[in-house]
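One structure is given here, and the rest of the page talks about it.
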Amino acid sequence: MIYDCIIVGAGPGGSSAATFLARQGISTLLLDKEVFPRDKVCGDGLAPQSLYWIDELGCIDEVLDQTDSCITTGDIFINGEHLSTGRFPQDAQYPGFCTLLERKRLDFILAKNAVKNGAVFKPGHMVKEIDLTGKYIVARAESDGKMAEFQGMLLIGADGVNSVVARSIGNILKEGTSAVSVRGYYEGVDTGRSQIQIYFNERFFPGYGWVFTDDSGKANIGIGYAIDRNFPKKRNLQHVFDEFLGKDLKGLLKNARPDGPTAGWWASFFRPKSMVAERIMLIGDAANVADPINGGGIHKAMESAFISSQVAAYALSSGDFSVETLRTYEMLWKEHAGFDWRIGEFLLTIAKNPDLRELYLFLLKNIANLTKGNVHLQEFCSGVFLGMIPLKDAISPIALLNAIPLKPCDWVSMLYSSGRGGSLGLYDAFSAGANIVKMAGRIAVNPLSHLNWGAEVLKKSIGLAGNYMDALTYQGVIGCIQ
Ligand SMILES: Cc1cc2nc3c(=O)[nH]c(=O)nc-3n(C[C@H](O)[C@H](O)[C@H](O)COP(=O)(O)OP(=O)(O)OC[C@H]3O[C@@H](n4cnc5c(N)ncnc54)[C@H](O)[C@@H]3O)c2cc1C
């Protein structure tokens, strides 16, 4: 049989693409190397955007039936101190809440949904080779020690960060900034209610730790941080995680016990050489589309699945599978998410310099303090962190003016709450001075890395400034000012 479309990988990206295609009557084969239900290392957080797409896929009731949490706020901790509880935006196009569902269950629901919509699913098939030499595209997969061959008109690579399909079109998988992460499940976590807690700490910055707890006290706990060739991390990830559990979460975990072993994985935050080739499109983590600010990628995988399925339908109807035609997908993706992704990646580029961590945490701490009692600013900040408010909108002068408090008393109270014991005293001046000396010392020890980093920041800021002016002009802001 020659399928219209073969999809490699049945994560959220692959199963969503299979549903969108099969729904249009397109014959679709979904292959995955694992037998489902299978585990996947993740925080299991379903952001409002993911819930929106799950609804579009037609399986929101099944997902919500299996979840034990409805979370409308997030708690921020910096260097062990609880600083703020931020409410999620309530008036966005997305639901005003997040939920949690283990990937083992979520991905199984999504794959079954694809089958319900007409896709053929073959689990336990590890694709080893993509062959473009014949009349059709061929995926060669190993199953139970035997090789099987599948032919299609088109192929969508949805096989995650370690994508065999991305490699087959010449992409390099670890070329720029990556993030490493580890997570484990715990029972009996004492949060009292389902909760999302985010921990920033000098020990694992740039990055963050998370505790995502459901109503039953079961939590997904992990840390993830960026690594870059200029600033290789010298510390062992598992060791940093153990310290996170033992120091930051000591109180929270006093009655908790691990539920299974911890597991690690990685993510990539750089632009791949290409998202398309003749007869091939890459989606989700295989195309590095996850959010560089928070690492979330379930909804991005689903969004890219939707756009690629539209282009696939067009290519199939026109019989044109050339790279030029499939490039429409890459262009649509860039139009939809490209500028936002670049701003996020730029912020990550700035933050990935670990030698300036005290400065960044100082800034974060003050932003968190400013949000106290200001629901509007809380919604803005959590909306930006969750990706519910597009970064291109968030950095527009009008949005910033709307979000930032203008009353002097708010700023005075922020300055007081960032001081030790609620006052700005001599201690804080000394501690700021000591931090500046520490940072300067680290920069002096490693000047070349900082020069490289500075050059990268400069290059990206010049590129973005051009795009930003275009975006401002587009929004008509410049016209208003004139
Ligand atoms: C530690 C961690 C925490 C995260 N937490 C969150 C979170 O809380 N919320 C969020 O939104 N995102 C989170 N993410 C990101 C999210 O997990 C990914 O962005 C998302 O899974 C991407 O979906 P995908 O379908 O593109 O790829 P994947 O989910 O990786 O699915 C790829 C599929 O392809 C299959 N596959 C791989 N190779 C082959 C092959 N050769 N042949 C056949 N099949 C193959 C795999 O078995 C897998 O089923 C987290 C990531 C990490 C690492």
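Scan the range 212-244 for residues that are within 12 Å of the ligand (Cβ to nearest atom) and either free of Cβ contacts under 8 Å to residues at least 60 places away in the same chain or of a type in the set (Phe, Trp, Tyr) (or both) and the total you get is 6.
Beta carbons closer than 6 Å, at least 6 apart along the sequence or on distinct chains, pair a first residue in the range 378-402 that is without any contact (Cβ under 8 Å) to a residue 40 or more places away in the chain and in the same structural domain as residue 366 (by TED's automatic domain parsing) with a second that is open to solvent by 40 Å² or more (accessible area, probe 1.4 Å) and part of a helix (DSSP H, G or I) for 399/393.
Residues that are free of Cβ contacts under 8 Å to residues at least 60 places away in the same chain, buried (at least 19 other Cβ atoms within 10 Å of the Cβ) and either acidic (Asp, Glu) or assigned to a helix (DSSP H, G or I) (or both) within the range 283-325 comprise 300, 307, 311, listed in sequence order.
Every residue, every condition in (1) in contact with a His (Cβ under 7 Å, 6 or more places away or on another chain); (2) modelled with pLDDT of 95 or more; (3) within 13 Å of the ligand (Cβ to nearest atom), yes or no:
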residue	(1), (2), (3)
266	no, no, yes
274	no, yes, no
279	no, yes, no
287	no, yes, yes
292	no, no, yes
297	no, yes, yes
315	no, yes, no
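In this entry, residue 207 is excluded by the filter for residues that are within 15 Å of the ligand (Cβ to nearest atom), open to solvent by less than 10 Å² (accessible area, probe 1.4 Å), farther than 17 Å from residue 46 by Cβ and among the small types (Gly, Ala, Ser). Screening the range 126-144 for residues that are more than 10 Å from the ligand (Cβ to nearest atom) and of a type in the set (Lys, Arg) and picking the one that is farthest from the chain's Cα centre (by Cα) gives 135. Only strands (runs of 3 or more DSSP E) whose full extent lies in the range 146-213 are considered here, and the ones with at least 3 residues that are of a type in the set (A, V, I, L, M) are 146-157, 178-187.
For residue 480, the conditions (1) open to solvent by 50 Å² or more (accessible area, probe 1.4 Å); (2) assigned to a helix (DSSP H, G or I); (3) modelled with pLDDT of 65 or more all hold with the exception of (3). Within the range 384-412, if we keep just the residues that are among the aliphatic types (A, V, I, L, M) and assigned to a loop (DSSP other than H, G, I, E, B), the residue that is nearest to residue 368 (Cα to Cα) turns out to be 404. Residues satisfying the criterion are present in the range 245-260 (criterion: within 16 Å of the ligand (Cβ to nearest atom) and crowded, with 16+ Cβ neighbours inside 10 Å).
The values are calculated or read from the model by the stated rules, or taken from the named source; none is laboratory data. As the structure is a prediction and not an experimental result, all values here were calculated from the model. Reconstructed Cβ throughout: ideal geometry from the backbone, glycine too, with neighbour counts over all protein chains shown. Please note that ligands, DNA and RNA were not included when accessible areas were found on the heavy atoms of the full protein model with its side chains. Shrake-Rupley method; radii C 1.70, N 1.55, O 1.52, S 1.80 Å.
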